[in-house]
Structure formats: C-alpha cells, structure tokens
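Single-structure report; data block below.
Values in this text are rule-based calculations from the coordinates and carry no lab data. As the structure is a computational prediction, the values presented were derived from the model and not from experiment. Methodologically, a virtual Cβ is constructed for each residue, glycine included, from the backbone with ideal geometry; neighbour enumeration extends over all protein chains shown.
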Amino acid sequence: MYDLTIKHMPDEGGHFGEFGGRFAAETLMQPLKEIEDAFFEAWADPSFHEERLDLLKNYVGRITPLYHAKHLSAEVGGAQIYLKREDLNHTGAHKVNNTIGQALLARRMGKKKVIAETGAGQHGVATATVAAMFNMTCDIYMGREDIRRQAPNVFRMKLLGANVIPVDSGTATLKDAVNEALRVWVASCEDTYYIFGTAAGPHPFPLMVRQFHTVIGQEARAQCLEQTGKLPDVAVACVGGGSNAIGLFEPLQDDDIRLVAVEAAGHGLESGEHAAALAKGRPGIIHGSLSYLLDDEEGQILGTHSISAGLDYPGVGPELAAMMKSGRLDIDSATDADALQAFQALTKAEGIIPALESSHGLAAAMRIAAKMDKEQVVLVNLSGRGDKDLGTVMDLLGFHDEKA
Ligand SMILES: *Cc1c(COP(=O)(O)O)cnc(C)c1O
C-alpha cells in the first residue's frame, strides 16, 4: 500500500530551494555522508522496508485510523473534520515512525550504540523504546532544566534502559541538548549513530526523517478517498521541527489541497513569547542547516515559549521553509489559550484526549473549518495523545483547587 519512490528530492547538497544543506563541523561531514549513503542504499533494498513495515504494523500498530469527528464538526458548524490518529501509535505519538527507521539504519551500519537529543522527552522515549527492542546501548542528551520539568519521561527512559545525560550549557533546554549531542557524536561516530528527532538538522536528516513519516500522509490520502470519495480540501498539522507536518504534507503536495502549518503562538505572536519560527523568524543557520529561526540582532538563538514542550523549538525544518517561500504552504498559529480550548473541545465532543502539540493544529483546523461548507473536508494530523500533558492541563485549569 505504500509508495516507496522518493519524491520531491532535495539537490545533491540537501537543499530544498534555498534552504537546508549541511552546515556542520568538518569532522561531521564524513559521518553525515556515511549516513546519507547508507540511507539511500537501505531505501533501495526491499528487505529494509519489509522489516520496517512489519515493525510499523505489528509493533507500532499501523495503519492508524482516519476518524471522522462528526460531533466536533457539528459543533464547529462548517467543514467535516477528519483526524489522522497518530496518537494511537505505540508510545503515543508519530515520533516512533522515525526512530524505528533510523534504528534499523543504525543496525545496518553496524553501530551498537545510539544517541539522541530530547526536549520534553518524547523523542527520548521513542528512541529508548526502539533501543530496548533492538538491544542497543542508548544515551539521551537532555537539558537539566527539561530533566527537572519532565520527570515522568526521564523515568520512562531509565526504565527502558537508557542513560539520560544532563546538559548544563546555555539555557539547559532542547537547543543546548542538540548542540551537546552533535558535539559528542563527532568524537564517537565510529560506533555511535545519532537518531535525530525531527525533519531538521544537516542533510540527510530532513529528507530521511520525512521519508520515515510519509506513511502518515500516504495512509491518510487513501483513507480519505475511501471514506469520503475525494481528497481533503485542507490538510493541517502542528509544527515544532516539522516532522509530523512534512510526513502528512509530502504525499499531498502535488494535489489541489490547501496545506496549513500551525506554529505555537504562545502568549501571542506580538508578545515575543512564542515559538513561531516561520511566521516571526528569519533565515539563518541552526543545528546544521539553513532555515527560518528565532534569533536576536546579534544572531543569538532566542528562548522560546509554548504550553506544549514539543513545539518549543526556535528553528524549523528546511523543507517547510522552502514550501512557505514558494507559496505552497500557508502558515497559521495557535496560542496557548487556543490550544487549551481545542484540547477540551475534542475531549468532550469525541472522547479523545489530544496532545497539547496536536491541539494547536486542531485549534487552527476548527477556525478554518468554521468558514467552510458542510460538504468540505479538513484533515488534521492528531500527532499525539494527551496523557503526558494531564499535569500541565490540571495546573492551568486549577483542578487542584477543586473540591472532590
Ligand atoms: C514532538 C511532537 C511534535 C512536534 O514535532 P514535529 O517534529 O514538528 O512533528 C508534535 N506533536 C507531538 C505529539 C510531539 O510529540
């Protein structure tokens, strides 16, 4: 059912339009080239896909459903809203599509150890999960501040057998963890593979991570045709680094479908406290590639804010930047308050508790659907489930103050 040809290739240097590329230390060029070669070789090998797709089916639980949210659609009073249920994957989000693919590649390259960065801990958990299953040593780099904020995920990673290594540099958050993981990787790439967590970073990561996530868009496209007899009018996804969005959008790019990327507007786009790199950033180099990012006059990366840790990243993948620049991609955003409202609306209307990240996409989708006809279809990527966010939402809704 999956189309395994690689479409929309970047150029040889890994550029999507003017964005992307490989801006890394000299010492990283060779290991990145080795990964690139191994990836293309693996992708052309049917046995690689046989094992990958078998794991996606029997370990992850794909195909994920496409669900017509009838009650929510009726409440919104416009287009029909369909949810791509990535929240039903093993580990509760789309991220495992990527970690399975890269872990298989690591094993194929003869690496016995994997490392990864993590912010909220979701990519760390998805990496530690596959490392446990493949019996690989696993080190997860995590800002000390994030370790403090994300205790349950730190414990999960440790239970899964991973070492969680605190990073104290900078603001001790995700961007610093990426820098540290890249630094450690330079010195250890002989036996170590770096599982990058989103469709950003130096070539070939944006391309490779996208390819591992195209199952999302390919399934959704076929499911929508089957259930509604046509393609969606609009497809919507939240954007942190951009992996769930490009996984949905890539297989829909050549269709007449409006594509909408939804960034975290935090306390508002004008507040300065947000993570909207496409809407409010400018081109620059971050974590090995040229894309949009949030920085100050001196080029220092800015601190970001979002209610959802998974969107709290100052950069964005280069392919989304190129799609925005060419006019193929529309950029929208949702504030913390919008996301919290959508989180509650979906939970009450459909009995589905979404991740706060996904709630941003949902908030924008509801706004868009409200202005459309009942016969039209809005497809939303429900990138993850909300169990991990219950503590945050409890605090925000003041649940602790309520009498039982
Ligand atoms: C990590 C995460 C995101 C953001 O990452 P992308 O690479 O932009 O997809 C979105 N939703 C969930 C549930 C996540 O865990």
For this session: Could you give the size of the charge dipole of the chain about its Cα centre, using +1 on the Cβ of each K and R and -1 on the Cβ of each D and E, expressed in debye and rounded to the nearest 20?
Result: 900 debye
Exercise. Which semi-axes, in whole Å and largest first, does the equivalent ellipsoid of the stretch 303-404 have when worked out from the alpha carbon gyration tensor as the square roots of 5 times its eigenvalues?
Worked result: 27, 19, 10
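For the stretch 97-210, what percent of Cα pairs sit more than 16 Å apart?
54 percent
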For this session: For the stretch 333-404, state which GluC sites (Glu not before Pro) are in a DSSP loop and have at most 12 other beta carbons lying within 10 Å of their beta carbon.
Result: 375, 402
For this session: Count neighbours as other Cβ atoms within 10 Å of each site's Cβ, and list the GluC sites (Glu not before Pro) in the stretch 244-344 that are DSSP loop with at most 12 such neighbours.
Result: 270, 297, 298
Exercise. Which order do 372, 394, 208, 142 fall in if you start with the one that has the fewest other Cβ atoms within 10 Å?
Worked result: 394, 372, 208, 142
Exercise. Extent of the stretch 1-132 along each principal axis, from alpha carbon coordinates, in Å, largest to smallest?
Worked result: 56, 38, 33
Problem set entry | Residue (of 281, 300, 82) at the positive-pole extreme of the chain, dipole from beta-carbon charges | 82
Exercise. Using a Gaussian network model of the chain with C-alpha springs under 10 Å, which one of 231, 379, 248 is most mobile by mean-square fluctuation?
Worked result: 231
For this session: Work from the charge dipole of the stretch 1-53 (Cβ charges, +1 for Lys and Arg, -1 for Asp and Glu, about the Cα centre) and give the residue of 29, 10, 43 farthest towards its positive end.
Result: 10
Exercise. Calculated from DSSP H runs of 4 or more alone, at -39500 (n - 2.57) each and per residue, what is the 222 nm mean residue ellipticity of the chain, nearest 500?
Worked result: -13000 deg cm²/dmol
For this session: Would you please give the residues with an amide H less than 5 Å from that of residue 295, counting only those at least 5 places away or on a separate chain, with H modeled from the backbone geometry?
Result: 282, 302
Exercise. Where both partners of a DSSP beta bridge lie in the chain, what percent of those bridges are antiparallel, to the nearest 5?
Worked result: 30 percent
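For 360, 71, which order do you get if you count the other beta carbons within 10 Å of each Cβ and list the fewest first?
Sorted ascending by nearby Cβ count, the order is 71, 360.
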Seminar exercise, completed: The Cα radius of gyration of the stretch 211-324, divided by 2.2 N^0.38 Å with N its residue count, comes to 1.15
Seminar exercise, completed: The Kirkwood hydrodynamic radius of the stretch 25-91, taken as the inverse of the mean 1/r over all distinct Cα pairs, in Å, comes to 15.5 Å
Exercise. Which entries of 111/280; 33/230; 70/95; 7/95 show an alpha-carbon separation above 32 angstrom in the structure shown?
Worked result: 111/280; 33/230
Exercise. Which whole-angstrom value gives the distance between the alpha carbon centres of the stretch 336-363 and the stretch 94-172?
Worked result: 27 Å
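Ranked by Cβ crowding within 10 angstrom, fewest neighbours first, how are 109, 136 ordered?
109, 136
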For this session: Compute the distribution of all C-alpha to C-alpha distances in the chain, in bins of 10 Å from 0, and list the percent of pairs in each, rounded to whole numbers.
Result: 5, 25, 36, 26, 8, 1, 0
